[in-house]
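Q: Pasting a structure here, questions to come.
The values are calculated or read from the model by the stated rules, or taken from the named source; none is laboratory data. Not measured: the values here are computed from a predicted model. Here the Cβ is made from the backbone with ideal geometry for all residues, glycine too, and neighbour counts use every protein chain on show. Heads up: the accessible areas ignore ligands, DNA and RNA and are worked out on the full protein's heavy atoms, side chains in. Shrake-Rupley method; radii C 1.70, N 1.55, O 1.52, S 1.80 Å.
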Amino acid sequence: KNEDNQPLTLLALNLYKWFIIFPALLMTTIIIGSCIVVISIFGFPAACSQKLASFWARINAKVCLIKLEITGLENLRDNQCYILVANHLSLIDIYILYGFLGKNLKWVMKKELRYIPFLGQACVAMGNIFVDRKNTEFDLKALRDAKKNIARSDCIIFFPEGTRSRDGNLGPFKKGAFRMAKDLGFPVVPITLHDTHHVLATDSVDWRPGKVLMEIHRPIEIKSETDPNEMRFESREIIRKSLIKKIEAQNAE
């Protein structure tokens, strides 16, 4: 019976994707992105833009029929700036992090995103940090300029792999996030995202509803003797072990 119903299920999912998910993403990006640009022009507090961005992410996560579980949210203290580093499996990661962390976020993102209509303008208005992905390291000038605009309780979020994983495996981490953490004295918080590529795989529009877990680990505190390279390896190892543990738990079920 399940095999007989499979073509109908695929048809229903495709209809939902093309007539609900994509129109909702387009409309919310245009409307909310425009609102963010306008309120930035009139000098409203950045928190207003953050709330709108979080609302955009939550709407689209709900439309995508994502069932989200979050652990470790208590590790993020109020009125504390952090450098957040997360693995990157899918575009869905943006919804999860923007919508449900409950923090003012400044993203470090590839400069090509600046030119996407509405989305790019909104990202610029919110003070996000654009870097050149073609460089072997993050654009340090962009990071230095960003320091001037960091407010109390802002968090800077990196995908330290630099791009989405194509096969679900964790890639090597670049150094930019950890150098910035050392320079600013901000604790580093590793975040593991699980199974977002099962909802929407990289380089694909083959969407499926599904369960997603966001695991927020304990902060790695910065000390005078802290080595950015050691933080880089420690953060990656925390995320790597978390991914392996989740896979082993799924296989045991």
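Q: Looking only at segment 166-199, count how many residues are open to solvent by 50 Å² or more (accessible area, probe 1.4 Å), in a loop (DSSP other than H, G, I, E, B) and within 30 Å of residue 22 (Cα to Cα).
A: Total satisfying the criteria: 3.
Q: Given 163, 202, which one is open to solvent by 30 Å² or more (accessible area, probe 1.4 Å), assigned to a loop (DSSP other than H, G, I, E, B) and out of contact with any helix residue (DSSP H, G or I) (no Cβ under 9 Å at 6 or more places or on another chain)?
A: Answer to the check: 163.
Q: Taking segment 205-237, which residues are in a helix (DSSP H, G or I) and either at positive phi or open to solvent by less than 20 Å² (accessible area, probe 1.4 Å) (or both)?
A: Residues satisfying the conditions are 231, 235.
Q: Quick one: is residue 240 assigned to a helix (DSSP H, G or I), open to solvent by 40 Å² or more (accessible area, probe 1.4 Å) and modelled with pLDDT of 95 or more?
A: Taking the combined requirement at face value, the residue satisfies it.
Q: Consider residue 134 carefully, then state whether it is modelled with pLDDT under 90 and either open to solvent by 70 Å² or more (accessible area, probe 1.4 Å) or outside any helix (DSSP H, G or I) (or both).
A: Yes: the conditions hold for residue 134.
Q: I'd like to check which strands (runs of 3 or more DSSP E) are fully inside segment 1-120 and have at least 3 residues that are surrounded by fewer than 19 Cβ atoms within 10 Å (Cβ to Cβ) and touching a residue at least 60 places away in the same chain (Cβ under 8 Å).
A: 66-71
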